[in-house]
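Data block below; observations after.
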Amino acid sequence: MDRLVIQGPNRLEGEVRISGAKNAALPILMATLLSEEPSRLGNIPHLRDVTTTLQLLASMGTRIVVDEKLNIELDNSDIHTREAPYELVKTMRASILVMGPLLARFGEARVSLPGGCAIGSRPVDVHIDGMKKMGADIRVERGYIIARAERLRGARIPMHVVTVTGTENLMMAAVLAEGTTVLENAACEPEVQDLAHFLNSMGAKISGIGTSTLVIEGVERLSGAVHDIIPDRIEAGTYLAAAAVTGSRVTATHVEPAHMTAVLEKFRQAGAELEIERNRITLDMRDRPLKPVDIVTAPYPLFPTDMQAQFLVMNALAKGRAVVEETLFENRFMHVSELLRMGADITVQGNKAITNGVERLIGAPVMATDLRASASLILAGLAAEGETVVNRVYHIDRGYECIEEKFHKLGADIVRLTDSQ
Ligand code: EPU
């Protein structure tokens, strides 16, 4: 298994180009299943989760062509299988997102039920109940969700939690349903909005985009569309957090600052100087001490759970006490025990992590079991004194494009070692 070796402490300097958003790319790739006409997608990040999604689509019959500008064309005119098998779903929970499109277009879907994962139990009851409300017959058999419907019917669907992929799956199911669907308590994340815009460019009729009530008037058929994926606000936030923990100045380019309001506000509270332009954000932390910031994770537009681990590293190095409260996932503090091994002072009490900032972290071999936790350990390694070895890099490769190359360009002393090295 690959590992990253970081010699710290590092000072970073320069610009980093932010890739397309993983969590927008995945549902939009799946949404192309809704039409027999081809779609062309740009700004798709080169990530393991994207490869897994393309594998899943290809296994169902999608023809995929990547052009010289790395646009991806997907032709779903010949889908012969309506199944997301266990082997793929177990490596990527987002595979459940084929359920809505398959059921809407073909009237059937067989999707392996995702099990628990490293950050919590993560049920999919909202996806299933919503599709049942639209008239689907759904059973769970031998670990698979088996869904059938002649044609889905529009329905009023109040969702008991705000769920990103739940909203996305139901939105994709509803676009081809007969009549109007109203999704209440919908997620408003920029990635959900990007999917809605893509669906509308295929001919769907979705209104209320960006609010918690989505109204979807079903249409008979959808066409193909051309679409560029929005920038990855979590990747951008991660590089800016890296500048913050290393006392550096870094500019993230090709970003959408409007998607990052809550995170940028917390960077300011942490003592960072920010310069915000149209598609660029510069964070300057040179000669500025980190201040501790209290954080409560919550659905958009509030502070994202996917930036929690990175801010915990900032707090670990900020003078004073801070409390980070995780409200979305019950088990999203796995980075804490690794940070303790690097000399951090953190106590976990239920869903809260309480930090007392230390002067410095000390490099150590570490590993984490989820994507954002692993990213936070890289940040800690960049700031720490001595050598940090981040094991199980495959978690990072799921969601960060060329992470060591991007950090290397910013001046970090970071190398990837493969198994044989
Ligand atoms: N929930 C339910 N029932 C459901 C669905 C969700 O109770 O049917 C609960 C979950 O257990 C959780 C809360 O609702 O407590 C929110 O989960 P959500 O469904 O919004 O998460 P998700 O859609 O599975 C997406 C992102 C995650 C991100 C979360 C929260 C994708 C592919 N994944 O997951 O991204 O953390 O929203 O914003 O969009 C990551 O990129 O590292 C990542 C984990």
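The values are calculated or read from the model by the stated rules, or taken from the named source; none is laboratory data. Just so it is clear, the model here is predicted, and its values are computed rather than measured. All Cβ positions, glycine included, derive from the backbone under ideal geometry; neighbour counts span all protein chains shown. To get the accessible areas, we keep the full protein, side chains included, count just its heavy atoms, and leave off ligands, DNA and RNA. Shrake-Rupley method; radii C 1.70, N 1.55, O 1.52, S 1.80 Å.
For the pair R142/L302, report the inter-label distance in nm, with labels modelled 7 Å from Cα in the Cβ direction.
Output for this residue pair reads 4.3 nm.
Straight-line reach from K409: which aspartates and glutamates fall under 15 Å, measuring Cα to Cα and dropping same-chain residues less than 8 apart?
Result set, ordered by chain and number: E13, E15, E401.
At each listed q (0.12, 0.20, 0.22, 0.25 Å⁻¹), what is the log10 of I(q)/I(0) that the Debye formula gives for the range 1-86 modelled as equal alpha-carbon point scatterers?
At q = 0.12, 0.20, 0.22, 0.25 Å⁻¹ the computed log10 ratios are -0.47, -0.94, -1.08, -1.30.
Can you list residues from other chains, or at least 5 along the same chain, whose modelled amide H is less than 5 Å from the amide H of V226?
Excluding prolines and chain starts, which carry no amide H, the hits are R40.
Please list, or write none, the lysines whose alpha carbon is within less than 22 Å of the alpha carbon of K132, excluding same-chain residues fewer than 8 places away.
Straight-line reach from K132, under 22 Å: K205.
Let me check against my output: what whole-number percent is the relative contact order of the range 295-421, with C-alpha pairs under 8 Å and at least 6 apart? Show your work: numbers first, answer last.
Values: 212 pairs, mean separation 26.4, N = 127.
The normalised contact order for the range 295-421 reaches 21 percent.
Taking all protein chains in place and a 1.4 Å probe, what share, in percent, of the accessible surface of the chain do carbon and sulfur account for?
On the way: 7980 of 16560 Å².
Roughly 48 percent of what the probe reaches on the chain is carbon or sulfur.
How about K291: which lysines have a C-alpha closer than 17 Å to its C-alpha, ignoring those fewer than 8 places off in the same chain?
Those lysines meeting the cut-off are K266, K319.
Scale the Cα Rg of the chain by the rule-of-thumb value 2.2 N^0.38 Å and send over the ratio, two decimals.
Numbers: Rg = 21.4 Å, N = 421, 2.2 N^0.38 = 21.9 Å.
Dividing the Cα radius of gyration by 2.2 N^0.38 Å gives 0.98.
In sequence order, what are the phi-derived ³J(HN,Hα) couplings for the range 317-322 according to the Karplus relation 6.51 cos²θ - 1.76 cosθ + 1.60 with θ = phi - 60°, rounded to whole Hz, with x for glycine and proline?
So the J values, rounded to whole Hz, are 10, 9, 6, x, 10, 9.
Quick one: in the range 223-317, what % of C-alpha pairs are over 20 Å apart?
Working: 1457 of 4465 pairs.
Considering the range 223-317, 33 percent of its Cα-Cα pairs are separated by more than 20 Å.
Regarding the range 41-186, what's the average projected area of the Cα-atom convex hull, expressed in nm²? Numbers along the way, then the final one.
Numbers: hull surface 36.1 nm².
Across all orientations, the range 41-186 yields a mean hull projection of 9.0 nm².
What does the charge count around N76 come to, taking other residues whose C-beta lies under 10 Å from its C-beta (Lys +1, Arg +1, Asp -1, Glu -1)? Can you show the working numbers first?
Values: positive: R63, R105; negative: E36, E37, D75, D78.
Combined, the nearby Lys, Arg, Asp and Glu give -2.
In the full protein assembly as shown, how much of F303 is accessible to a 1.4 Å probe, in Å² to the nearest 10?
10 Å²
Please go through the range 245-303 and write out the GluC sites (Glu not before Pro) that DSSP classes as loop and that have at most 13 other C-beta atoms within 10 Å.
Working: sites: E265, E273, E275, E277; in loops: E277.
In loop regions of the range 245-303 (DSSP not H, G, I, E or B), the sparsely surrounded GluC sites (Glu not before Pro) are E277.
Within the chain, what percent of beta bridges assigned by DSSP are antiparallel, to the nearest 5? If you can, show how the numbers build up before the last one.
Values: 54 of 74 bridges.
The antiparallel proportion sits near 75 percent.
So what are the three principal axis dimensions of the range 113-267 from its Cα atoms, in whole Å, longest to shortest?
Principal extents (largest minus smallest coordinate, Cα): 58, 36, 25 Å.
Roughly what would the spin-label model give for H160 and F106, points 7 Å off Cα along C-beta, in nm?
Rounded to a tenth, the inter-label distance reads 3.1 nm.
Keeping all protein chains in place, calculate the accessible area per residue for the range 231-310 (probe 1.4 angstrom), answer in Å². Mind dumping the intermediate values first?
On the way: 2860 Å² over 80 residues.
On a per-residue basis, the range 231-310 sits at 36 Å².
Once fully extended, how much extra length lies between E217 and N71, figured as 0.36 nm per residue of separation less the alpha-carbon to alpha-carbon distance? Before the final figure, lay out the partial values.
Numbers: separation 146, 0.36 × 146 = 52.56 nm, distance 2.98 nm.
49.6 nm is the gain from fully extending E217 to N71.
Just the Cα atoms of the range 141-195, one point each, no solvent: what log10 I(q)/I(0) does Debye give at q = 0.20, 0.23, 0.31 Å⁻¹?
Taking Cα atoms of the range 141-195 as identical point scatterers yields -0.80, -0.96, -1.20.
Per residue, how much accessible area does the range 37-160 have with a 1.4 Å probe, in Å²?
Details: 5780 Å² over 124 residues.
Per residue, the range 37-160 has an accessible area of 47 Å².
Please identify the GluC sites (Glu not before Pro) of the range 282-340 that satisfy two criteria: DSSP loop assignment and at most 12 other Cβ atoms within 10 Å. Which are they? Kindly include the intermediate steps, with their values, before the conclusion.
On the way: sites: E325, E326, E330, E338; in loops: E326, E330.
For GluC sites (Glu not before Pro) across the range 282-340 that sit outside H, G, I, E and B with at most 12 neighbouring Cβ atoms in 10 Å, the list is empty.
What do you get for GluC sites (Glu not before Pro) in the range 61-127 restricted to DSSP loop and a cutoff of at most 16 other Cβ within 10 Å of the site's Cβ?
E68
Can you tell me the order of 95-101, 406-412, 11-17, 136-142 when each peptide is scored by its average per-residue count of other Cβ atoms within 10 angstrom, highest first?
Working: 95-101: 27.4, 406-412: 19.1, 11-17: 16.7, 136-142: 12.6.
Answer by packing, highest mean first, reads 95-101, 406-412, 11-17, 136-142.
Using alpha carbons only, how many angstrom separate the centre of the range 153-213 from the centre of the range 58-95?
Each part's Cα centre sits 22 Å from the other's.
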